[in-house]
Amino acid sequence: TEYEGGAQGKHLRHLSQPEGMPDIRGMPQLQPYWAAGYSFSRGHFVATVPYDLYQPMIFQGEEMSIGLRGFSIGYDFFAPENSVCFHSYAKGKNAAARNKVPHFWEHSDKFKGTGVAAMKRLLGIVNMNPEVERSEWNHAEETRYGLGGARKTSKFYELYGIDVRKKTTQ
């Protein structure tokens, strides 16, 4: 997991599940991150931690937002002991075939500034951009799309070695 980002702002991105043999065997592994491409839960999770409708033009970052919001509400995340699926991005020999699929960012020029504003909101809600004034991002329906009261994001950052001021991970 590391910080990445450009014009929209620096955000955390979980890169991949470790592929080594786990120390604990025979049960799912408690882990800090939620993955959009591999998430199974009871329906109350998506009702309690819905996608934030005020974050259009966001592709990287929403997993951290949902994961941190879920953590603050009291959800824990687990991964299977072994990898059971993966997806291949449009790189290398896959690029020609995969890039024929339309991407939402193809029309980003029609929505200039939307992604930047959405990322400020995303990072602001989960307290990941303390250098940005709270008045600089949209607080609409923050009760619905915000944090819970069970655990603080600062606890998550402390537990998993994330420095939101220096934008570093351990």
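The values are calculated or read from the model by the stated rules, or taken from the named source; none is laboratory data. Because the structure is predicted, anything quoted here is derived from the model rather than measured. Positions of Cβ are backbone-derived with ideal geometry, glycine not excepted, and every protein chain shown enters the neighbour counts. Surface areas here come from the heavy atoms of the whole protein model, side chains and all, with no ligands, DNA or RNA. Shrake-Rupley method; radii C 1.70, N 1.55, O 1.52, S 1.80 Å.
Every condition in (1) of a type in the set (Ser, Thr, Tyr); (2) open to solvent by less than 70 Å² (accessible area, probe 1.4 Å); (3) more than 14 Å from Ile66 (Cα to Cα) is met by Ser135 except one, and the failing one is (2). Please verify whether segment 46-57 includes one or more residues that are at pLDDT 80 or above, among the acidic types (Asp, Glu) and surrounded by 11 or more Cβ atoms within 10 Å (Cβ to Cβ). Taking every residue of segment 46-57 in turn, at least one turns out to be at pLDDT 80 or above, among the acidic types (Asp, Glu) and surrounded by 11 or more Cβ atoms within 10 Å (Cβ to Cβ). Inspect all residues belonging to segment 72-80 and state whether any of them is aliphatic (A, V, I, L, M), farther than 19 Å from Tyr38 by Cβ and either surrounded by fewer than 18 Cβ atoms within 10 Å (Cβ to Cβ) or out of contact with any Asp or Glu (no Cβ under 7 Å at 6 or more places or on another chain) (or both). Yes, because at least one residue in segment 72-80 is aliphatic (A, V, I, L, M), farther than 19 Å from Tyr38 by Cβ and either surrounded by fewer than 18 Cβ atoms within 10 Å (Cβ to Cβ) or out of contact with any Asp or Glu (no Cβ under 7 Å at 6 or more places or on another chain) (or both).
Here the helices (runs of 4 or more DSSP H) wholly within segment 73-170 that include at least 2 residues being within 22 Å of Met57 (Cα to Cα) and among the basic types (Lys, Arg) are 114-125. When Lys120, Lys155, Lys93 are checked against the criterion of being open to solvent by 80 Å² or more (accessible area, probe 1.4 Å) and within 21 Å of Arg13 (Cα to Cα), a single residue qualifies: Lys155. Can you confirm whether segment 66-75 contains a residue that is charged (D, E, K, R) and at pLDDT 90 or above? Scanning segment 66-75, I find at least one residue that is charged (D, E, K, R) and at pLDDT 90 or above, so the answer is yes. On inspection, Tyr145 fails the criterion of being open to solvent by 20 Å² or more (accessible area, probe 1.4 Å) and touching a residue at least 60 places away in the same chain (Cβ under 8 Å).
Gly92 - would you say it is more than 13 Å from the chain's Cα centre (by Cα) and without any contact (Cβ under 8 Å) to a residue 40 or more places away in the chain? Against the criterion (more than 13 Å from the chain's Cα centre (by Cα) and without any contact (Cβ under 8 Å) to a residue 40 or more places away in the chain), Gly92 qualifies. Inspect segment 108-115 for any residue being exposed (fewer than 15 other Cβ atoms within 10 Å of the Cβ) and over 18 Å from Gly9 (Cα atoms) and give the result as yes or no. Yes, some residue in segment 108-115 is exposed (fewer than 15 other Cβ atoms within 10 Å of the Cβ) and over 18 Å from Gly9 (Cα atoms). When Lys100 is tested against the conditions (1) open to solvent by less than 50 Å² (accessible area, probe 1.4 Å); (2) modelled with pLDDT under 95, the lone failure is (1).
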